[in-house]
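First comes the structure, then the notes that go with it.
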Amino acid sequence: MGSPFIEIIECVAPDPNLLAWKFADNGCEIQNGAKLTVRESQNALFICEGQIADVFQSGMHTLKTENIPIFSRLKGWKYGFASPFKADIYFFSMNLFINNKWGTPAPILVRDPEFGAIRVRAFGSFDIRIDDPALFFKSYAGTYKQLTIFELQAQLRDFIAPKFGEILTLQKIPVMEIAGSMSDLSAKIEPLLSPYFAQMGLKLTQFIVASVSLPDEVLKHIDSITNMNMTKDIDRYAEFQKAKAIGEKGSALNDAVTQAAALNIISSQTQAANKSGEDIGAKLKKLKELFENDLIDEAEYKGKKAELLKEFNA
């Protein structure tokens, strides 16, 4: 026949998704001097008559009533320090639970100094672990015999969405910054959100904003400002828009530039031809003056004249 008292207390998590679970004592009392084994990834919490008696971290512990001071203060303790005692034991997983999803099922209202009140939707993930088992038990897990990360996720999603919007408004984070780098926004939000998790005995180790959705009219305004920032002043912006229009085939500015270029080529050719004609005429006139002044004979005159006319007609 087995002992009516619990002499060895240890428990491997029956499910890796468990955050907390109650040790199955089957109504038995704990033997004074019993051994408690708490693994590296665990903490154990003792509850006696509804009060938290102690929290045990990883290691092998010998349970004696004198080692748990609250037992000596409890009203009705009648067996002294050498007798078995009754306590509820909860184990907590101290592992890191990663990639928990959060989001805003409905848009949240954010006030921006430039755009006023706008509706924003956001999505991302967060990593958490239990940091203070006693506080976590008192503030959240006390009514559960078993608590999984999935049950906590559902509660935290409803908790994070309004807090996210509240932080954006209270910290006056502008919409332009919200629409910018997600990593920068995540780094700014995480330390502001951490105290709310700490109130429940949880540690927020990472908070990620994966995407933010803004109203279409806000996005259009941001796009126009981005284009303006590509230039240093309005004159350069105008030059940028003009150059962009010239490069677009079929646009009025592109057609005008093309026609102007063609006219410029024709004009240049005409001017060159006119200049060439003027040069030949001057040479013919000079050649005639040489002949009339008997500086060249008739044969030389006719030969040079023929060469100049041939050059003109080429």
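The values are calculated or read from the model by the stated rules, or taken from the named source; none is laboratory data. Since this is a predicted model, take the numbers as computed values, not measurements. Here the Cβ is made from the backbone with ideal geometry for all residues, glycine too, and neighbour counts use every protein chain on show.
I need a count of the residues in the range 144-172 that are part of a loop (DSSP other than H, G, I, E, B) and within 14 Å of LEU109 (Cβ to Cβ). Walk me through it before giving the result.
As a first pass, look at the range 144-172 and keep what is part of a loop (DSSP other than H, G, I, E, B): 144-145, 171-172.
Filter once more, keeping what is within 14 Å of LEU109 (Cβ to Cβ): none.
The total comes to 0.
Specify the residue that is surrounded by the most Cβ atoms within 10 Å (Cβ to Cβ); the eligible residues are those in the range 117-150 that are farther than 21 Å from SER211 by Cα and free of Cβ contacts under 8 Å to residues at least 12 places away in the same chain. Can you show your working first?
Quick first cut of the range 117-150, residues farther than 21 Å from SER211 by Cα only: 129-150.
Cutting the leftovers down to free of Cβ contacts under 8 Å to residues at least 12 places away in the same chain gives us 142-143.
Numbers: GLY142: 14, THR143: 7.
Once the filter is applied, the top-ranked residue is GLY142.
If a residue has to be of a type in the set (Lys, Arg) and within 13 Å of the chain's Cα centre (by Cα) to count, how many in the range 161-187 make the cut? So that I can check it myself, show each step before the final result.
As a first pass, look at the range 161-187 and keep what is of a type in the set (Lys, Arg): 163, 172.
When the remaining residues are screened for being within 13 Å of the chain's Cα centre (by Cα), the result is none.
Counting residues in the range 161-187 that are of a type in the set (Lys, Arg) and within 13 Å of the chain's Cα centre (by Cα) gives 0.
Table: residues versus (1) modelled with pLDDT under 80; (2) touching a Pro at 6+ places or on another chain (Cβ under 9 Å); (3) under 22 Å from SER93 (Cβ atoms); (4) assigned to a strand (DSSP E or B).
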site: LEU19; (1), (2), (3), (4): no, no, yes, yes
site: GLY33; (1), (2), (3), (4): no, no, no, yes
site: LEU36; (1), (2), (3), (4): no, no, yes, yes
site: VAL55; (1), (2), (3), (4): no, yes, yes, yes
site: MET60; (1), (2), (3), (4): no, no, yes, yes
